[in-house]
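These notes concern the structure reproduced below.
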Amino acid sequence: MTDAQLLERIIINPRVMVGKPVIKGTRLTVEYVLDRIAHGVTAEDLLGEYAGLTHDDISACLLFAKKSLAETDFMPVLSEVS
């Protein structure tokens, strides 16, 4: 599946979850899926918890996050020396 095809699975609609990016046809936000993965939940766990969720949906969330960060510039924060 191409990047474009995966990203079509993510929608932003101000009427759904206050405009947060969600998996198309669900109320599962990209943020929620990423948070669950960050806290050790596996893709298989998520698939078991949410009927209709697919591996491609999870991949789409990861790709969406990657693309979002790719367009962000980061400045190193210097700590003060005591």
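The values are calculated or read from the model by the stated rules, or taken from the named source; none is laboratory data. All of these numbers come straight from a predicted model, not from anything done at the bench. For neighbour counting, all protein chains shown are included, and Cβ atoms are generated from backbone atoms with ideal geometry for every residue, glycine included.
The residue that is surrounded by the most Cβ atoms within 10 Å (Cβ to Cβ), counting only those in segment 27-64 that are of a type in the set (Gly, Ala, Ser) and at pLDDT 95 or above, is Ala60. Report whether or not Leu69 is out of contact with any strand residue (DSSP E or B) (no Cβ under 8 Å at 6 or more places or on another chain), surrounded by 15 or more Cβ atoms within 10 Å (Cβ to Cβ) and of a type outside the set (Val, Ile, Thr). Considered against the rule, which asks whether it is out of contact with any strand residue (DSSP E or B) (no Cβ under 8 Å at 6 or more places or on another chain), surrounded by 15 or more Cβ atoms within 10 Å (Cβ to Cβ) and of a type outside the set (Val, Ile, Thr), Leu69 comes out as no.
Of the conditions (1) within 14 Å of the chain's Cα centre (by Cα); (2) surrounded by fewer than 10 Cβ atoms within 10 Å (Cβ to Cβ), Pro14 clears all except one; give me its number. Result: Pro14 fails condition (1) only.
Tell me which of these Met1 doesn't satisfy, since it passes every other one: (1) at pLDDT 95 or above; (2) surrounded by fewer than 15 Cβ atoms within 10 Å (Cβ to Cβ); (3) touching a helix residue (DSSP H, G or I) at 6+ places or on another chain (Cβ under 9 Å). Met1 satisfies all of (1) at pLDDT 95 or above; (2) surrounded by fewer than 15 Cβ atoms within 10 Å (Cβ to Cβ); (3) touching a helix residue (DSSP H, G or I) at 6+ places or on another chain (Cβ under 9 Å) except (1).
How many residues are of a type in the set (Gly, Ala, Ser) and more than 17 Å from Ala65 (Cα to Cα) when one looks only at segment 4-53? Qualifying residue count, segment 4-53: 5.
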